[in-house]
Structure formats: structure tokens, C-alpha cells
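I am attaching a structure below and will ask some questions about it afterwards.
Where a number appears in this text, it was derived from the coordinates with a stated rule and is not lab data. If you're wondering where the values come from, they're calculated on a predicted model, not measured in any experiment. For neighbour counting, all protein chains shown are included, and Cβ atoms are generated from backbone atoms with ideal geometry for every residue, glycine included.
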Amino acid sequence: MSTFNVELKKVVDDSYEIEIGYELGQKLIDDIKSGLVGKINKFAVVTDSIVKDLYAEKIYNLLIQNGYKSDLIVFPEGEKSKTRETKEFIEDSMLAKGYHRDCCIIAVGGGVVTDIAGFVAGTYGRGVPFINYATTLLAAADASVGGKTAVDTPLATNLIGLFNQPKKVYIDISTWKTLPQRQVSSGLAETIKHACISSREFFDYILNNMDAIFENNDEVCQHIAHENCKVKYHVVMKDERESGLREILNLGHTVGRAIETVSEYKLLHGEALSIGLIAEVKLANKLGYCTDEDETLLIKALEKAKLPVKIPDYIDREELVKKLYTDKKVKNGQLRFVLQKGIGDIMVFDGEQYAKPISEEMAREIIMAME
Ligand code: GLY
């Protein structure tokens, strides 16, 4: 018998730039010409049925005008499309159009598009590069940065996926002007979450500038785009694979993701997160990490962001409690929650733990007592 040792120690540099600005299509082309993805000249532009007409077609046309090969791959908009079937559809479309490993995927859209396109890129031909061009506040605040890519399953959201970092992220603030109010609000939920875990000053800024955000004020939108990126990349740079610190980005998500699935995606991600943030601030209050004032202030911010603050009547609360167990933080069958410390800070438990085990009884009590 023989034994061989296959040594494969790796040093990987997955660093990338996030560029925040207005109408960044030409900048994307200039970066490609300057070697952003080496000598690749074939680009699959993946987008959804709404963003296609608004922005993706423009990027596709720019690629063609500049001599690149490109195809638009379009799937129906919405979280319901974030499935293995859509991934297969994108892959089959690329295969049919002759895409090999020497290609790059450009995701143009919101969180559903960047999550699914990044996942396709991670497995297509065992991995091709991808670029995110974020066209929603939610994608700008969260989904497009940090390399979490995934699809949902009927059991729960984001259960199948990869950590896969893009080559670059473009955050085009000019696209926010075409967002319906519900989508702006949905992105604001992730923004408020970032403030809750990192900065009371940022929280107050959001609260005091809510009207300006909805009016698409340039200065305010740029500020929130910068602050969101800052929170996100600081965490991701320290713990890309969520072995510790990155769990804090899950504030509100234990209940939020569960309610999103139980609602059968009638609630947008940020709408479900809003309810999750309230459940989890109530839990933090019960445990003495937050005050009644913190709880009231957070609910006020979410209301001002035009987000739901009550569990809709159609949600079966017992099913919601059961669904909490699909959360990725569950360890040894025990629910674990990230808990905020006041507003702008997060609880750290023994041995640098960022999530605390919570009994099902306590979680149920909070959920049952909510409006
Ligand atoms: N959306 C949470 C994270 O990126 O870790």
C-alpha cells in the first residue's frame, strides 16, 4: 500500500474594488479594457425582466459597441426566481451560446441577480470570474458586496451556495431613482441593520434624513452608500467565511429569513428583515442588552422607512417558530441569535462568540407577544 501527500497550500488574493458613483457603464468598459478580467472578451450579462430594459441592455450594447462578444440572459424578476431551476436556465443558456471557461459573467441588478449570477460563476466550467453592477439599494447595501452567493430552496432562503468574490462591484446610485418605494424601503432595512450593529451616529443620520433618501438626494444617498460599504467590508475583510464576526451581519435575520420563507415571498427581504429586527430587539431588551427607548427608537426608524413593523395576520406563528431552525447559525440543534447592545453596538459573548443560544420557549414568547 502507498500513501501520497497532495500538498496544496494556497495563498489567495481575492481583493477587489467597490466603486460608488453615477452611470458607471462606461467606467465598467474602461476597466475591462484596462484588464479587470485579463484578456477575456466574452461576457454573459445576467439580469432580470425589469432591470433588462432599464440598465442591463445599455451595458450589453456598450460591450457590443466596444467589440466584445456578449449575450443578455434574462430571468423573471423577484425572489421566487432565486432557485436552482433559474441557475440551470442561466447555465443552459450560456452553454447553448457557446460560453466556455474564458468568459466572464456581469450581474446587472439587485440582490437576487447578484446572488444567483455569482453562484453560477462559481460553478460554471468550475469557476469563471464575475462582476456585480448593483442597481438597487438592497444590493448596494448588502448583497453585491462580500461574496455570499446562493439560491433559495422551498425549505429556506440561501441554503445552497458558495463564497465567491466578484472581480469588482459597481454601485450605480443613479439607478435608485427608478426604484419603487417598496424596494427603497427594503434596502433601508439592511441599512438600518448596519447602523444598529456599528454606529449610533449613522442610525441618527438615517432617521433624520429619511425624507431625503426617498427624494433621492445625491449627498444623502452617497453617504448611505459609503457607510453601508464601510460596515460590510470591514466585517468581511476580518471573517469572509462567517466563522465568527460575520455572524453580526445576521442581526434580525434569524426571524427575518424565517418569516420571508413562511410568507412565501409576499414579503420582500427587507420587509421581512424589518419584522426580524423588531423581534430581535425585543429579545435583546428582555435579556437586558437594550432599553425600552432603544426598542421604541428602532421601531420608529423602521416605520419612517415605510417598513412593516407587525407580523402579518396570514403568518402562522407556530410555523414561523419551526422555521427558525433552518437558520445557518443553529448549532447542535440549538437556536442562536445575534443581539444588539443598545443602538450602534453588538453583544459579544464568552470567547468571542457573536451569537447567543436562546431557548425555543423564549423565541416563541417573543414571537407570540408581537403585534
Ligand atoms: N448578508 C449577510 C452577509 O453578507 O454576511
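Here are the criteria: (1) under 25 Å from T175 (Cα atoms); (2) within 16 Å of the ligand (Cβ to nearest atom). Tell me which single one T135 does not satisfy.
All conditions pass for T135, except number (2).
Looking only at residues in region 259-269 that are touching a Ser or Thr at 6+ places or on another chain (Cβ under 7 Å) and of a type outside the set (V, I, T), which one is farthest from the ligand (Cβ to nearest atom)?
Applying the filter and picking the extreme gives L268.
On the basis of being in contact with a Phe, Trp or Tyr (Cβ under 9 Å, 6 or more places away or on another chain), touching a residue at least 12 places away in the same chain (Cβ under 8 Å), of a type in the set (S, T, Y) and within 12 Å of the ligand (Cβ to nearest atom), does T175 make the cut?
No.
Can you find a residue in region 293-312 that is within 25 Å of A143 (Cβ to Cβ) and in contact with a strand residue (DSSP E or B) (Cβ under 8 Å, 6 or more places away or on another chain)?
no
If I ask for residues that are within 14 Å of L287 (Cβ to Cβ) and touching a Phe, Trp or Tyr at 6+ places or on another chain (Cβ under 9 Å), which ones from region 337-347 would you list?
The answer is V338, L339, Q340, K341, G342, I346, M347.
Got a number for residues in region 87-101 being surrounded by fewer than 20 Cβ atoms within 10 Å (Cβ to Cβ) and either of a type outside the set (D, E, K, R) or part of a helix (DSSP H, G or I) (or both)? Let's see the steps before the verdict.
So in region 87-101, the residues surrounded by fewer than 20 Cβ atoms within 10 Å (Cβ to Cβ) come out as 88-89, 91-93, 95-98, 100-101.
Narrowing further to those that are either of a type outside the set (D, E, K, R) or part of a helix (DSSP H, G or I) (or both): 88-89, 91-93, 95-96, 98, 100.
Result for region 87-101: 9.
Kindly provide the set of residues from region 226-257 that are surrounded by fewer than 15 Cβ atoms within 10 Å (Cβ to Cβ) and either near the ligand (Cβ under 9 Å from one of its atoms) or not in a helix (DSSP H, G or I) (or both), ordered by number.
Those that are surrounded by fewer than 15 Cβ atoms within 10 Å (Cβ to Cβ) and either near the ligand (Cβ under 9 Å from one of its atoms) or not in a helix (DSSP H, G or I) (or both): R241, S243.
For the list (1) surrounded by fewer than 24 Cβ atoms within 10 Å (Cβ to Cβ); (2) more than 16 Å from E19 (Cα to Cα), I need the number of the one condition that L188 fails.
With respect to (1) surrounded by fewer than 24 Cβ atoms within 10 Å (Cβ to Cβ); (2) more than 16 Å from E19 (Cα to Cα), L188 is out only on (1).
Given the conditions (1) away from the ligand (no atom under 16 Å from the Cβ); (2) within 14 Å of the chain's Cα centre (by Cα), and given that G187 satisfies all but one, which numbered condition is not satisfied?
(1)
Now for a different question. Taking D142 and the conditions (1) surrounded by fewer than 24 Cβ atoms within 10 Å (Cβ to Cβ); (2) within 29 Å of Q222 (Cβ to Cβ); (3) touching a Lys or Arg at 6+ places or on another chain (Cβ under 7 Å), which numbered condition does it fall short on, given that it satisfies the others?
(1)
Something else: Looking at (1) in contact with a Lys or Arg (Cβ under 9 Å, 6 or more places away or on another chain); (2) under 27 Å from F203 (Cβ atoms); (3) assigned to a loop (DSSP other than H, G, I, E, B); (4) not basic (K, R), which is the one condition that is false for M362?
(3)
Does any residue of region 334-349 turn out to be under 22 Å from the mean Cα position of the chain (by Cα) and of a type in the set (K, R)?
Within region 334-349, one or more residues are under 22 Å from the mean Cα position of the chain (by Cα) and of a type in the set (K, R).
Among all residue pairs at least 6 apart or on different chains, which show Cβ distances below 6 Å where the first residue, located in region 303-318, is in contact (Cβ under 8 Å) with a residue 40 or more places away in the chain and the second is in a loop (DSSP other than H, G, I, E, B) and surrounded by fewer than 18 Cβ atoms within 10 Å (Cβ to Cβ)?
K310/E371; I311/M370
Checking V120 against (1) over 25 Å from K230 (Cβ atoms); (2) within 15 Å of the ligand (Cβ to nearest atom); (3) surrounded by 24 or more Cβ atoms within 10 Å (Cβ to Cβ): exactly one of these is not met. Which one?
With respect to (1) over 25 Å from K230 (Cβ atoms); (2) within 15 Å of the ligand (Cβ to nearest atom); (3) surrounded by 24 or more Cβ atoms within 10 Å (Cβ to Cβ), V120 is out only on (2).
Could I ask something else about it? Scanning region 259-293 for residues that are touching an Asp or Glu at 6+ places or on another chain (Cβ under 7 Å) and in contact (Cβ under 8 Å) with a residue 24 or more places away in the chain, which turns out surrounded by the most Cβ atoms within 10 Å (Cβ to Cβ)?
Here is the first cut: in region 259-293, the ones touching an Asp or Glu at 6+ places or on another chain (Cβ under 7 Å) are 262, 265, 267, 269-270, 272-273, 281-282, 285.
Now drop any that are not in contact (Cβ under 8 Å) with a residue 24 or more places away in the chain, which leaves 262, 265, 267, 269-270, 273, 281-282.
On the way: V262: 23, Y265: 17, L267: 23, H269: 25, G270: 33, L273: 30, V281: 27, K282: 20.
So, considering only residues that are touching an Asp or Glu at 6+ places or on another chain (Cβ under 7 Å) and in contact (Cβ under 8 Å) with a residue 24 or more places away in the chain, the one surrounded by the most Cβ atoms within 10 Å (Cβ to Cβ) is G270.
For region 197-225, which residues satisfy the criterion of being over 15 Å from K177 (Cβ atoms) and either part of a loop (DSSP other than H, G, I, E, B) or among the small types (G, A, S) (or both)?
Residues satisfying the conditions are S198, S199, N209.
A further question follows. From the list V169, V112, V145, which residue is within 28 Å of D53 (Cβ to Cβ), within 16 Å of the ligand (Cβ to nearest atom) and part of a strand (DSSP E or B)?
Going through V169, V112, V145 in turn, just one is within 28 Å of D53 (Cβ to Cβ), within 16 Å of the ligand (Cβ to nearest atom) and part of a strand (DSSP E or B): V169.
Right, something else. Any residue at all in region 196-209 that's under 21 Å from V112 (Cα atoms) and touching a Gly at 6+ places or on another chain (Cβ under 6 Å)?
For region 196-209, residues under 21 Å from V112 (Cα atoms) and touching a Gly at 6+ places or on another chain (Cβ under 6 Å): absent.
Moving to a separate point now. Quick one: would you say Y289 is hydroxyl-bearing (S, T, Y), more than 19 Å from D204 (Cβ to Cβ) and more than 23 Å from the chain's Cα centre (by Cα)?
Spelling it out, Y289 is indeed hydroxyl-bearing (S, T, Y), more than 19 Å from D204 (Cβ to Cβ) and more than 23 Å from the chain's Cα centre (by Cα).
Only one of these is of a type outside the set (S, T, Y) and either outside any helix (DSSP H, G or I) or within 15 Å of the chain's Cα centre (by Cα) (or both): E260, E303. Name it.
E260
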